[in-house]
Amino acid sequence: MAGSRVSRRCMLKGAAALGAVAAATAATRAQQSGVAAPLRTAAGPAATLPARGTFVIRGATVLTMDPSLGDFVPGDVRVSDGVIVAVGRAVDTDNAQVVDGSGVICMPGFVDTHWHLWTSLLRPYVRGDVSERGYFPVTARLGVHMTPEDSYRSVRLGVAEALSAGVTTVHNWAHNVRSPEHADAELSAMRDTGMRGRFAYGPVQGMPDDEPMNMDGVARIKRDWMPGDGLITLGISSRNVGALNVGGAGARGVVTIEMLKRDWDGARALGLPITMHTSGTSPVMALEQAGLLGSDVQLVHPLLTTPEERAVLKMRDVRYSTSPAGEARRPASVGVIQLGELLEAGIKVSLSTDHTTNASCDPFGAMRLLFSLHQHRLGAKVPLTMRRLVQLATLDGAVDLGIAGRTGSLTPRKRADMILIRTTDLNMTPIGDPYEALVSLAQPANIDTVIVDGRILRQAGRFTALDHAQVVREAQEAALGLRAKADWPPV
Ligand SMILES: [Zn+2]
């Protein structure tokens, strides 16, 4: 039987209707039981997410990011029950819904490898030009007042923004897990929005540096939440080690190498990967001397590495995440983004947002900034192509997080995490080289469709199930509530 051809907008109606029904059912259940808010635990209600179906994206500019497959212009992608089952010039459309791919780029969703989602709703209080209202003072001062419900709303806001910007996997760097309920709330927000990601359980804002991390809490999360439906994995966010010299970074904790080893040993005993900021004095050699580096370690902010350290990182297969929007705001005295040096050394690098309190999520803008800074500092001395940048933002992120077998490219048998980007928008047309367009021209507003694990979560630039107005309203309420509790900052 030939598949029926439908427009992208028609599919939206169907998916939105499914989402609306599910949401109404959940609301009725809550009303009947007298429960004000859904249960935010691993045993909580199933999220109101669209069903996975069988569909074919037909006639798109397909960028697989799989070197063995290459690109198809035009090409098709067939998805069934969450899995990419075929990619090519013309795939079988039998028993499938057909989505018109003319005028769109079809590519893997972006993989964001370091993002403090719990800080999303602190955005109204952070100022880039007033030091006492910078990211560190605001998050340290208000973070201690956050309830689990605040964490839920903040993470949900961040994930909603991520999805709208084409991110289909996010590494939730959760360094304000104030209680078991806070951890459950953050995980619930990831689950309820349908995002793929890693939850990196971290220390609490303001905890003493001479106390070890709460590994019992981490073990409990592993027991209660993993493996779940396979979308969310678990790791830890580590405190920093040694002396720090970047404004405010010490607020996250600075521990001795002995304490750090204790935390990392605890994570490794549970089989969990580790992530750590390296702002300030580089800790690489101290970590190497303590025998702590390995392929389960992701470092963040590659600004001050030496050639000797890069050789160590390559040898130990350590990954490095760069967050250009924030890093480019730091004074050059604390280092520069060393993308060229890291790639030359053969180190696995990935791309991240870090936080959205003073820069919105924009993977296109991040790639553009990286390219500009690279050209500005190194130019042709270290060749960097647009395609390499798109790989950095997709497949390399999946490699960093250890999930490249599941996502990061449009490869048959991987899960279907993909985005459709309109090339007929005014800032994109007439379309030339698609990689050039993605890095030099594209914006999140060009994203038409976002699919995670085979579920169409956004279409025609709108959520299919998530209630945009509710996300905004509840984030605003929570932000105002935090300021009232802290009695700061002044209005
Ligand atoms: Zn960070």
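Could you run the Karplus curve 6.51 cos²θ - 1.76 cosθ + 1.60 with θ = phi - 60° over segment 157-167 and give me ³J(HN,Hα) per residue in whole Hz, x for Gly and Pro?
4, x, 5, 4, 5, 4, 4, 5, 9, x, 7
For segment 222-361, rounded, prolate or oblate, judged on the Cα gyration tensor with a ≥ b ≥ c (square roots of eigenvalues), a/c < 1.5 rounded, else prolate if a/b > b/c?
Rounded.
Compute the accessible area per residue over the chain, keeping the other protein chains in place, probe 1.4 Å, unit Å². Before the final figure, lay out the partial values.
Working: 18830 Å² over 491 residues.
About 38 Å² of surface per residue is accessible.
Please turn the phi angles of segment 311-319 into ³J(HN,Hα) values with the Karplus equation 6.51 cos²θ - 1.76 cosθ + 1.60 (θ = phi - 60°), one per residue in order, whole Hz, x for glycine and proline.
Taking θ as phi minus 60°, the curve returns 5, 5, 4, 5, 4, 8, 6, 7, 9 Hz for segment 311-319.
Based solely on C-alpha atoms, express the radius of gyration and the Dmax of the chain in angstrom.
Spelled out, the Cα radius of gyration and Dmax of the chain are 21.9, 67 Å.
What spacing in nm lies between the two simple spin-label points modelled at Ala286 and Phe136, each 7 Å away from Cα in the Cβ direction?
Distance between the two pseudo-spin positions: 1.5 nm.
Restrict the search to segment 350-457; then list the trypsin sites (Lys or Arg not before Pro) that DSSP places in a loop and that have at most 15 other Cβ atoms within 10 Å of their Cβ.
Values: sites: Arg368, Arg377, Lys381, Arg387, Arg388, Arg406, Arg413, Lys414, Arg415, Arg422, Arg455; in loops: Arg406, Arg413, Lys414.
Counting only loop positions with at most 15 other Cβ atoms within 10 Å, the trypsin sites (Lys or Arg not before Pro) in segment 350-457 are Arg413.
Over segment 257-413, with every protein chain in place, what whole percent of the accessible area is carbon and sulfur at 1.4 Å, could you tell me? Kindly include the intermediate steps, with their values, before the conclusion.
On the way: 3210 of 5890 Å².
Roughly 54 percent, rounded to a whole number.
Under the Karplus relation 6.51 cos²θ - 1.76 cosθ + 1.60, θ = phi - 60°, what is the ordered set of whole-Hz ³J(HN,Hα) values for segment 356-368, x standing for Gly and Pro?
Values, residue by residue: 10, 6, 9, 7, 7, 6, 8, x, 5, x, 5, 5, 4 Hz.
For Val85, what charge total do you get from the other residues with a beta carbon under 15 Å from its beta carbon, if Lys and Arg give +1 and Asp and Glu give -1?
0
Roughly what would the spin-label model give for Arg262 and Lys381, points 7 Å off Cα along C-beta, in nm?
About 4.4 nm, to one decimal.
With runs of 4+ DSSP H residues as the only contributors, calculate the mean residue ellipticity of the chain at 222 nm using -39,500 (n - 2.57) per run, divided by the residue total and rounded to the nearest 500.
Values: 15 runs with 171 residues, N = 491.
Result for the chain: -10500 deg cm²/dmol, rounded to the nearest 500.
Out of the total accessible area of segment 107-241 (probe 1.4 Å, heavy atoms of protein only), what percent is carbon and sulfur? Please report the intermediate quantities before stating the final value.
Values: 1930 of 3710 Å².
Heavy-atom surface of segment 107-241 belonging to carbon and sulfur, 1.4 Å probe: 52 percent.
The values are calculated or read from the model by the stated rules, or taken from the named source; none is laboratory data. Predicted model only: the values in this text are computed from it and were never measured. When we count neighbours, we look across all protein chains shown, and the Cβ atoms used for this are built from the backbone with ideal geometry, even at glycine. Side chains are part of the model used for accessible areas, which takes the heavy atoms of the whole protein and leaves out ligands, DNA and RNA. Shrake-Rupley method; radii C 1.70, N 1.55, O 1.52, S 1.80 Å.
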